[in-house]
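Student: Dumping the structure here so I can ask a few things about it.
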Amino acid sequence: MTTRSTTLRNRFKLPETLITRLITISGYSAILFVVLIFFFLATEGLPALREVRLENLFSERWYPIEEYFGILPLIGGSLIVTIGAALLAVPIGIGTAIYIAEISPRWAREILKPLVEILAGLPSVVLGLIGVRVLSSAFRVSFDLPTGLTAFTGSVLLAAISIPTIISVSEDALDAVPRSYRDAALALGATGWQTIWRVTLPAARSGVLTAVMLGLGRAIGETMAVMMVTGNAPVLPGGLSALFSPTRTMTATIASEMGEVANGSTHYHVLFFIGIVLFLISLLVNITASAVVFRQRRRAERVLG
Amino acid sequence: MYGIIRGMNPRRLTVIFFLLLCLPGCSSTPNQRGDENSPQQVEYIENKGSDTIVNLALAWAERYQEIHPEISISVSGGGSGTGIAALVNGTTDIANASRKIKGEELEAAIENGAEPVEFVVARDAIAIIVCPENPIERLTLEQISDIYSGRINNWQELGGDDRVIVRLSRETNSGTHVYFLEEVLRLGDDENKTLFSTDTLLLPSSEGIIEEVKANPHAIGYDGLGYVTPEVKTIAVARSPEGEYILPSAATVNEGTYPIARDLYMYTASQPEGTLLAYLEWIFTSEAQAIVEELGFVPVPVSDPG
């Protein structure tokens, strides 16, 4: 028996090590790619700091064909559209996930889950078309705005793009909470809502937070739909009213201008610099999110252990 | 093959799968065609210049090469100045330009022994459009400039309804945007450094502008005449308040009475002959001028052979 298993092990040794190597390589390649991308962004984007004076780069005027490279309105535009999307998507997304995981009868769940998955697969350009054809004029008429191509229209589309991700991932997280937690809460006399709000949701917190980050990650990087409906006017947002006026995001700027720009020109470097800013923002969001999750997990372990 | 696969264990199969993935990269069948012994001598036409015309020149070149496979036309952009400089240096056969050749360029060309010949191959006109609900019918160039620079912000100031003006423009990388900036916003004055008002909406496509203008009574937009559809209202434009207000059309553009229009040129270094002449003559046929219309420009009068 022992001799046989040893020969078997020897027979499988070569493929075994090969597969292990391949998996190790693909693991490290993820790190390599991130480093390469950052290196590429840095070499193409950092010359912008040398070529453009800082007070020009951080001014309020973006008009690249006349050498006005103020990126503040673009950063502001991306932030306001993304924050608007978060305010819409997070409550709706988590609410739907709670309904599907905790409240809905079995048949409704069987229908809702695949529907959400289909929604997640919709190409953003399709949503953009709906935004241009239907949403923008509907918003213009119903809110009595001068134009329907506003940051808010973009936020609604981005929310629609990130909601399916938020629902899907946080529903999985809620589903993974052990049955016994709910039973215990109910046995102690908690109502259904109290069980969800005080027990199930906190227990699934890290998964739900991951869901929100993944959804918003899709939102801040989204380009096509935003470019079609936000009007692309580089105005520095000043206050809440900016949500209902046209705005221009960083992604839309890169997408619409990169195609025509002369390779190696100042404008080209500035567009890559915007890429660096975008990269840093999503890095910051991700680090904050994982720090929060990590701290909560430590706390949960202390409480439960 | 299948027998062998069935006899193997899954791990080995995986290895083979990955090896198979690598295969297409390794196998390179020598299938380059021997072009040296093609029967016909290929003739080249070099075509360079204005970025405004580059798409039109490309469309012409593609169509012409379909009819005459023995001719190869290479088209590149770079700007009107680049094209004319290349013509002066003799590195291109045809220079595309969205402006007339300048005095000093002409002198430089003559010094190099060239005698540039000019052809107006198409015309470019910008129509100013508003929503059909908007009562405004006509504007002067200066009023349009004031609207886009942000000096006029309400239609009331122009005798219209009390509505905020929403300014629509093409993206900055569009040739139409640059032409509009120079000729309308800055009224053709090189010293004028007026910029678009920051709240001007920059839309990525002509369709986007038409879509917004047709439904929104606040909006004003501009676009290449060829892209304008009947769903929007075209504004009659005058050079000055005393001048005549003229609606853009192929006729008014070709007469030169519509103010926001320009000629698009092709220049050759000398009186064209042979292949070059045949190509330039073809550009003035109705077939080639139909392409002009498709791309949103205004065709010039055609001279079909026979």
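Student: Take the alpha-carbon positions of chain A, form their convex hull, and give its projected area averaged over all directions (one quarter of the hull surface) in nm².
Tutor: Reported value for the Cα convex hull: 24.5 nm².
Student: Can you sort A:Val134, B:Val232 so the residue with the fewest Cβ neighbours within 10 Å comes first?
Tutor: Listing A:Val134, B:Val232 from fewest to most nearby Cβ atoms yields A:Val134, B:Val232.
Student: In addition: Taking Cα pairs under 8 Å and at least six residues apart, what relative contact order does chain B come out at, in percent?
Tutor: Answer for chain B is 23 percent.
Student: Something else about it: Step by step: find N for the protein assembly as shown, compute 2.2 N^0.38 Å, then divide the Cα radius of gyration by it. What's the final number?
Tutor: Dividing the Cα radius of gyration by 2.2 N^0.38 Å gives 1.25.
Student: Okay, moving on. I need the Kirkwood Rh of the stretch A:123-233: take the reciprocal of the average 1/r across all distinct C-alpha pairs and report it in angstrom.
Tutor: 16.0
Student: For helix A:2-45, report the angle its Cα long axis makes with the longest principal axis of the Cα atoms of chain A; keep it between 0 and 90° and round to the nearest 10°.
Tutor: 20
Student: Going highest first, how would you order B:171-178, A:20-27 by mean Cβ packing within 10 Å?
Tutor: Descending mean neighbour count gives B:171-178, A:20-27.
Student: Compute the angle between helix A:72-98 and the longest alpha-carbon principal axis of chain A, please, reported from 0 to 90 degrees and rounded to the nearest 10.
Tutor: Relative to chain A, helix A:72-98 is tipped by roughly 30 degrees.
Student: I want to verify the translational diffusion coefficient of the stretch A:1-141 in µm²/s; compute it with Stokes-Einstein, Rh as the Kirkwood radius over Cα pairs, at 37 °C and 0.692 mPa s.
Tutor: Here the translational diffusion coefficient equals 148 µm²/s.
Student: For helix A:106-120, what angle does its Cα long axis make with the longest principal axis of chain A, in degrees from 0 to 90 and rounded to 10?
Tutor: Roughly 40 degrees, rounded to the nearest 10.
Student: Give, rounded to the nearest 20 debye, the magnitude of the charge dipole that the protein assembly as shown has about its Cα centre when Lys and Arg contribute +1 at Cβ and Asp and Glu contribute -1 at Cβ.
Tutor: So the dipole magnitude of the protein assembly as shown works out to roughly 5540 debye.
Student: What value, in deg cm²/dmol to 500, does the helix sum -39500 (n - 2.57) over DSSP H runs of n ≥ 4 give at 222 nm once divided by the residues of chain B?
Tutor: Theoretical 222 nm ellipticity from helices: -10000 deg cm²/dmol.
Student: Say each of A:Tyr181 and B:Glu70 gets a label point 7 Å from the Cα, pointing the same way as Cα to Cβ; how far apart are those two points in nm?
Tutor: Roughly 8.1 nm, to one decimal.
Student: Can you grab the distance from the C-alpha centre of the stretch B:69-92 to the C-alpha centre of the stretch A:57-82, Å, no decimals?
Tutor: Answer, in whole Å: 36.
Student: Please give the average number of partner chain Cβ atoms lying within 10 Å of the Cβ of each residue in A:230-237, rounded to a whole number.
Tutor: Mean inter-chain Cβ contacts per residue within 10 Å come to 5.
Student: Assigning unit charges at the beta carbon (Lys, Arg +1; Asp, Glu -1) and nothing else, what dipole magnitude in debye, to the nearest 20, does the stretch B:61-194 show about its Cα centre?
Tutor: Once rounded to the nearest 20, the dipole reads 340 debye.
Student: Based on the Cβ-Cβ distance from B:Val120 to B:Arg151, what FRET efficiency comes out when R0 is 22 Å, to the nearest 0.05?
Tutor: Details: r = 35 Å, r/R0 = 1.58.
Efficiency, from the Cβ-Cβ distance: 0.05.
Student: Among B:Val253, B:Gly78, A:Leu186, which residue has its Cα furthest toward the positive end of the charge dipole of the protein assembly as shown, with +1 on Lys/Arg Cβ and -1 on Asp/Glu Cβ?
Tutor: A:Leu186
Student: State, to one decimal in nm, how far the label point of B:Asp161 lies from the label point of A:Asn263, with both points 7 Å from Cα in the Cβ direction.
Tutor: Here the modelled spin labels are 5.1 nm apart.
Student: Working out 0.36 nm times the residue gap between A:Phe58 and A:Ala108, then minus their Cα-Cα distance, what length gain in nm do you get to one decimal?
Tutor: Full-extension gain reported as 12.8 nm.
Student: Give the average, rounded to an integer, of partner chain Cβ atoms located within 10 angstrom of each Cβ in B:192-205. Write out the running numbers ahead of the final one.
Tutor: On the way: counts 0, 1, 0, 4, 4, 2, 13, 9, 7, 11, 13, 8, 7, 3.
For peptide B:192-205, the averaged partner shielding equals 6.
Student: What is the Cα coordinate range of the stretch A:105-172 on the first, second and third principal axes, sorted by size from largest, in whole angstrom?
Tutor: So the three principal-axis extents are 46, 23, 18 Å.
Student: Using alpha-carbon positions, what is the distance between the centroids of the stretch B:51-66 and the stretch A:224-287, in Å?
Tutor: If you average the Cα positions of each part, the centres end up 33 Å apart.
Student: From a point 7 Å beyond the Cα of A:Val141 in the direction of its Cβ, which residues of the stretch B:202-219 have a backbone N at a distance under 14 Å?
Tutor: The answer is B:215-217.
Student: Can you give me the Rg/Rh ratio for the stretch B:159-217, using Cα atoms for both radii and the Kirkwood formula for Rh?
Tutor: Rounded to two decimals, Rg/Rh equals 1.00.
Student: List the lysines whose Cα lies under 29 Å from the Cα of B:Lys100, skipping any in the same chain that are fewer than 8 positions away.
Tutor: List returned: B:Lys48, B:Lys193.
Student: Dipole magnitude of the stretch B:190-273 about its Cα centre, charges +1 at Lys/Arg Cβ and -1 at Asp/Glu Cβ only, in debye to the nearest 20?
Tutor: 120
Student: Report the FRET efficiency, 1/(1 + (r/R0)^6), for B:Arg138 and A:Arg133, where r is their Cβ-Cβ distance and R0 is 30 Å, rounded to 0.05.
Tutor: The calculated FRET efficiency here is 0.45.
Student: Towards the positive end of the charge dipole of the protein assembly as shown, with charges on Cβ (+1 Lys, Arg; -1 Asp, Glu), say which of A:Leu201, A:Leu49, B:Gly49 has the farthest Cα.
Tutor: A:Leu201
Student: Rounded, prolate or oblate, given the Cα gyration tensor of chain B, with a/c below 1.5 counting as rounded? Before the final figure, lay out the partial values.
Tutor: On the way: a/c = 2.53, a/b = 1.39, b/c = 1.82.
Because a/c hits 1.5 or more and a/b fails to exceed b/c, chain B counts as oblate.
Student: Any idea what % of Cα-Cα pairs in the stretch A:180-299 are farther than 21 Å?
Tutor: On the way: 4287 of 7140 pairs.
Value for the stretch A:180-299 (Cα pairs over 21 Å): 60 percent.
Student: Sort out the exposed loop trypsin sites (Lys or Arg not before Pro) in chain B (DSSP loop, at most 11 other Cβ within 10 Å) and tell me the longest stretch that has none.
Tutor: B:34-192
Student: Which of A:Leu209, A:Leu122, A:Leu278 moves the most in a Gaussian network model of chain A with Cα springs under 10 Å?
Tutor: Comparing A:Leu209, A:Leu122, A:Leu278 in the GNM, the peak value goes to A:Leu122.
Student: Using only atoms on other chains, find how many Cβ atoms lie within 10 Å of each Cβ of peptide B:251-263 and report the average.
Tutor: Taking all residues of B:251-263 together, the mean is 0.
Student: Sort all Cα-Cα distances of the stretch B:45-120 into consecutive 10 angstrom bins from zero, then give the percent of pairs in each bin up to the one containing the longest distance.
Tutor: Here the calculated profile for the stretch B:45-120 is 21, 50, 25, 5.
Student: I've got another one for you. Between B:Arg99 and A:Phe33, what FRET efficiency follows from the Cβ-Cβ distance if R0 is 45 Å, with the result rounded to 0.05?
Tutor: 0.45
Throughout, read-outs are computed from the coordinates displayed, never taken from laboratory work. Quick caveat: nothing in here was measured; it's all calculated off a predicted structure. Cβ atoms come from the backbone with ideal geometry, glycine included; neighbour counts cover every protein chain shown.
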